[in-house]
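Before any comments, here is the structure.
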Amino acid sequence: MKPSKPIVVIPTYNERDNLEKLAMQVLALDPALELLVVDDNSPDGTGDLAESLAAETGRVFVLHRSGKMGLGSAYREGFAKALEMGADLVVQMDADFSHDPAMIPYFFQEARQADLVIGSRYLNGVSVVNWPLRRLMLSYFASVYTRVITGLTISDCTSGFKCFRAEVLKAIDLSSIRSDGYSFQIEMNYRCKEKGFRISEIPIIFIDRHAGTSKMSKKIVREAVLMVWKLKLGSLLGAVLPKRSGRCL
């Protein structure tokens, strides 16, 4: 059964060179598809371009933010807005063509039997193009490290190309997700697992950026390293500490 209202959420900051081409490719996949651009007040005018696309197509929507507040918060606000718009499936992807929009129908197909579908770069070996070896090793071993600490059985724990059923995002308290970058992807996966949702992966080919600059930083890497321990310790404490009844005595 085809989704009745699928929405693709794309955070942007200085992605003017990519946005129009990407939007046209996404919208051409299915007349039911809508695109939600979450723009962090891009100095290059990405937000203005998104507004022009919205007026031209009627299927592009724009959420303007005051400035750079992090990828995690952009997705949180974007997910909340997509649910408000009535989405039944929500796709998250980058604006730089590192994620191939042609894969989106395969996510929808897999979502018939899964609640969260992850586009994996490591499901069938390594499917990454144009990355330096250091960056590739960092990404690959971040997933290995995450699996060892948290118990997640996902080949690509830090992938940013995903499709959520709406009920998953409704069940997760998005306001409690404060992480960013790699750690945001890890935490969302872990919360899905905690809630007992079905997680599946499909293979993708990840291609390094067409235009713009990478948003990776040492801060993002450090946050991811600490996040897996926070998730594990939080889970252990939750299993040991008594549940609150919520009643006043």
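Read the figures in this text as sums done on the coordinates, not as results from a lab. These figures come from a predicted structure and were not determined experimentally. Quick reminder, even Gly has a Cβ in these numbers, built from the backbone with ideal geometry, and neighbours come from all protein chains shown.
Given a Förster radius of 35 Å and the C-beta distance between MET137 and GLN25 as r, what FRET efficiency does 1/(1 + (r/R0)^6) yield to the nearest 0.05? E between MET137 and GLN25, to the nearest 0.05, is 0.70.
Find the centroid of the Cα atoms in segment 1-34 and in segment 141-208, then give the distance between the two in whole Å. If you average the Cα positions of each part, the centres end up 21 Å apart.
Along the Cα-to-Cβ line of LYS68, 7 Å from the Cα, sits a label point; which residues in segment 3-33 have backbone N less than 16 Å from it? Output list for this probe position: 11-16. Taking amide H as placed 1.01 Å from N in the peptide plane, ASP100 has no amide H partner under 5 Å among residues 5 or more places away or on another chain.
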